[in-house]
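The values are calculated or read from the model by the stated rules, or taken from the named source; none is laboratory data. Note that this is a predicted model, so its numbers are computed, not measured. Virtual Cβ from ideal backbone geometry, glycine too; neighbours counted across all protein chains shown. Just the protein is used for accessible areas: all its heavy atoms, side chains included, with ligands, DNA and RNA removed. Shrake-Rupley method; radii C 1.70, N 1.55, O 1.52, S 1.80 Å.
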Amino acid sequence: VKNGAILGGGRGEEALGEVGVRLAKLACHLNLAATAILADRDPAAALFHADQALRLDPDNTTALLRRADALARLARFPSARADLQTAAAIFDARRDALALDRTTARLD
């Protein structure tokens, strides 16, 4: 790919824009957290990357679940449990919002 063509002809961050860069960083940290847990078996690195992902998106359930996994592997069980509870609450809220959207759509 020449001159950033895959990114729309621009260069790196300019082509992606602020939101695109944020999403790319989020995806990288989520993938690095998963790799640290599964391949490297390095829960401290997984915790670092999950924390970085959560700084970018505090309600990211994938990041919360990966951080909970890392915390459990580090025997930090109360913190792991708190992340699981937070993720569950977010899932429930999203499920309720989806159900409301579906009901509203049927009324239209």
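Overall, the stretch 60-108 carries a charge dipole of about 240 debye about its Cα centre when +1 sits on the Cβ of Lys and Arg and -1 on the Cβ of Asp and Glu, all other atoms neutral. So I have (1) 23, 20, 12; (2) 28, 26, 9; (3) 23, 15, 13, and one of them is semi-axes √(5λ) of the Cα gyration tensor in Å calculated from this model. Which one is it? Computing semi-axes √(5λ) of the Cα gyration tensor in Å and matching it to (1) 23, 20, 12; (2) 28, 26, 9; (3) 23, 15, 13 gives (2). For the stretch 52-94, the per residue solvent-accessible surface stands at 57 Å², with DNA, RNA and ligands left out and a 1.4 Å probe. Using a 1.4 angstrom probe on heavy atoms only, work out the carbon and sulfur share of the accessible area of the chain in %. After summing per-atom areas, the C and S share lands at 56 percent. Projecting label points 7 angstrom from Cα along Cα→Cβ for Phe77 and Phe91 puts them 2.1 nm apart. The stretch between Ala44 and Thr103 holds 16.9 nm of extra length on full extension. This uses 0.36 nm per residue minus the Cα-Cα distance. The packing ranking of peptides 88-101, 65-78, highest mean first, is 65-78, 88-101, where packing means the average number of other beta carbon atoms within 10 angstrom of each residue.
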